[in-house]
Amino acid sequence: MAHYRLQAPLSDDQIKTLRAGDTVTLDGYIFGIRDANLIRLFDKKVELPDDLLPQLKGAIGLHTAPNVKKLENGKYEKVSIGTTTSYRMDRFTKGLVEKYGMKVIVGKGGLLEEGSQALIDHTGCYLTILGGTAALETLQVEEIEAVWWEDLMPEAIWKFRVKNFGPLIVSIDSHGKSKYKEVKEAARVRLTKMLSLIERGAK
């Protein structure tokens, strides 16, 4: 396992270097996405703003709906920027990577088979952030640079400038390895052994 400090957005070569189990910290820009804005984009077929579209190629998406404070100048001040569970948004992953070029998803809990395969097919990866680290994440966001679809607040689309964001765990890499699958398989093996011992003891 290795640790990488990378500048977002990421290139294919950078993503190919990452292996499941590695850790990453990020500098640069990441985009906050969540159920409401993804439903508008894919289910309601509302196209993204023109100024946002070119920024998504190679971009990193963070599953979040942050707590913020709007300032008199129209900008937003961070209050708490946490991360939510990813698997319920799995069905949107393929569209994000195929149509819009997003390469990396950051979240908790992993993705289902369809979303995982989409990242693998398009040289992407999934980075897990540890639960309960919203306070640390918030400190690592230097500024909220932009926001789109403010009427969906707090599930608007956010652009965050981050520094040393993480550490994040490479949980699904572009080569098809998944720490989630490895943990589930290890648990299955242990459970099988435990059940076998119980059965023997009952005889």
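The values are calculated or read from the model by the stated rules, or taken from the named source; none is laboratory data. These numbers come from a predicted model, not from an experiment. No Cβ is skipped: glycine too gets one built from the backbone with ideal geometry, and neighbour counts run over all protein chains shown.
Inside the range 5-16, can you point out the residues that are surrounded by 16 or more Cβ atoms within 10 Å (Cβ to Cβ) and in contact (Cβ under 8 Å) with a residue 12 or more places away in the chain? Before the answer, list the steps.
Here is the first cut: in the range 5-16, the ones surrounded by 16 or more Cβ atoms within 10 Å (Cβ to Cβ) are 6, 8-10, 14-15.
Once the filter is applied, which keeps residues that are surrounded by 16 or more Cβ atoms within 10 Å (Cβ to Cβ) and in contact (Cβ under 8 Å) with a residue 12 or more places away in the chain, the range 5-16 yields Leu6, Ala8, Pro9, Leu10, Ile15.
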task = Taking Lys159 as the residue in question, decide whether it is assigned to a helix (DSSP H, G or I) and either within 18 Å of Lys57 (Cβ to Cβ) or small (Gly, Ala, Ser) (or both).
result = no
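In the range 13-44, how many are out of contact with any strand residue (DSSP E or B) (no Cβ under 8 Å at 6 or more places or on another chain) and over 25 Å from Tyr87 (Cβ atoms)?
Total satisfying the criteria: 1.
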note = Checked the range 36-61 for anything in contact with an Asp or Glu (Cβ under 9 Å, 6 or more places away or on another chain), closer than 15 Å to Ala146 by Cβ and crowded, with 18+ Cβ neighbours inside 10 Å; matches are Asn37
ask   = Which residues, taken from the range 43-92, are of a type in the set (Val, Ile, Thr) and at pLDDT below 95?
value = Thr64, Val68, Val79, Ile81, Thr83, Thr84, Thr85
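Any idea which residue in the range 119-138 is modelled with the highest pLDDT, counting only those that are aliphatic (A, V, I, L, M) and farther than 11 Å from Ile172 by Cα? Give the derivation first.
Initially, the range 119-138 is screened for residues aliphatic (A, V, I, L, M), giving 119-120, 127, 129-130, 134-136.
Okay, now just the ones that are also farther than 11 Å from Ile172 by Cα, so 129-130, 134-136.
Values: Ile129: 90, Leu130: 81, Ala134: 81, Ala135: 85, Leu136: 87.
Looking at residues that are aliphatic (A, V, I, L, M) and farther than 11 Å from Ile172 by Cα, I get Ile129.
So for the range 63-73 (the condition being in contact with a Gly (Cβ under 6 Å, 6 or more places away or on another chain), of a type in the set (S, T, N, Q) and part of a loop (DSSP other than H, G, I, E, B)), does at least one residue qualify? Let's see the steps before the verdict.
Step one: filter the range 63-73 for residues in contact with a Gly (Cβ under 6 Å, 6 or more places away or on another chain), giving 63-64.
The next check asks that each one be of a type in the set (S, T, N, Q); those that pass are 64.
Narrowing further to those that are part of a loop (DSSP other than H, G, I, E, B): 64.
The answer is yes, given that some residue of the range 63-73 is in contact with a Gly (Cβ under 6 Å, 6 or more places away or on another chain), of a type in the set (S, T, N, Q) and part of a loop (DSSP other than H, G, I, E, B).
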key: Filtered residues of the range 61-77 (kept if among the charged types (D, E, K, R) and touching a Phe, Trp or Tyr at 6+ places or on another chain (Cβ under 8 Å))   = Lys69, Lys70
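The rows are residues; the columns are (1) touching a residue at least 60 places away in the same chain (Cβ under 8 Å); (2) touching a Leu at 6+ places or on another chain (Cβ under 6 Å); (3) of a type in the set (D, E, K, R).
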{"residue": "Ala65", "(1), (2), (3)": "yes, no, no"}
{"residue": "Lys69", "(1), (2), (3)": "no, no, yes"}
{"residue": "Tyr76", "(1), (2), (3)": "yes, no, no"}
{"residue": "Glu98", "(1), (2), (3)": "no, no, yes"}
{"residue": "Glu114", "(1), (2), (3)": "no, no, yes"}
{"residue": "Ile144", "(1), (2), (3)": "yes, no, no"}
{"residue": "Val147", "(1), (2), (3)": "yes, no, no"}
{"residue": "Asp151", "(1), (2), (3)": "no, no, yes"}
{"residue": "Glu155", "(1), (2), (3)": "yes, no, yes"}
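From the list Val106, Val162, which one is in contact with a strand residue (DSSP E or B) (Cβ under 8 Å, 6 or more places away or on another chain), β-branched (Val, Ile, Thr) and farther than 21 Å from Leu48 by Cα?
Numbers: Val106 fails: farther than 21 Å from Leu48 by Cα.
Result of the check over Val106, Val162: Val162.
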